Amino acid sequence: MNFKSLIKRAEDVDKEFQELQSDLAEAFEDVLKDDEQPPSGDDAAAGQELVASDENPPPEEQQPEAAPSRLTPHTQTRLAALEAVAGLFRDGQGHLQEIEAKLAEIATAHHMTREVLNVFHRDVLRSNELELANLALTAEHKTLSEQLLDAARKQRERDGAAEAWQQREASLVQDREQLRSALAAVRLELVEMSNENARRETE
């Protein structure tokens, strides 16, 4: 719905309503001016004739409309003013109906706008919840990353310690082999010395 066109129409209706008020005010002023003027002799005679005719009215179906010749200029002016006021009233009725229709359109647009705003409000709250969840996940990811880095550091330390133990074990194995070789040489030397001693004793 085009809100600019609605606002423009509302402004046009307001302008027409103001013009209607001005026309009504002018018509009422004309009527009041005519009422303030004293009626002429013709007006008085016509008024008496009208009063006499009103006292003994003919049957409704036989009563003719007032002839123009029986209406004084003052009465004709007042009737014309009343007819103008009636026309303005009819125009005002039409304008009021248009205003009511526009107000109904505005109310419908306002209701739809309120629904859209409610949807936006729910979306904003949902976005806020998602942002909070994202912040929580980011904090958790940071904690897990720190824990992973700490675990990797400890794993490297364990790997280094295991490598050192392997090197130490290899060194111990090498020392053991050297000790075995030295022990075998000492034993061989002892055997040779025993044999030499036995040979000497025999001699």
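The values are calculated or read from the model by the stated rules, or taken from the named source; none is laboratory data. Please read all numbers here as calculations on a predicted model, not as lab measurements. Note that we place each Cβ from the backbone using ideal geometry, even for glycine, and neighbour counts take in every protein chain shown.
Which residue is modelled with the lowest pLDDT, if the candidates are limited to the stretch 90-126 and must be among the acidic types (Asp, Glu) and closer than 17 Å to residue 15 by Cβ? So, considering only residues that are among the acidic types (Asp, Glu) and closer than 17 Å to residue 15 by Cβ, the one modelled with the lowest pLDDT is 91.
Selection within the stretch 69-81: residues that are modelled with pLDDT under 85 and either under 57 Å from the mean Cα position of the chain (by Cα) or not in a helix (DSSP H, G or I) (or both). The member of this set that is farthest from residue 22 (Cα to Cα) is 71. Restricting attention to the stretch 152-190, the residues being within 60 Å of the chain's Cα centre (by Cα) and not charged (D, E, K, R) number 2.
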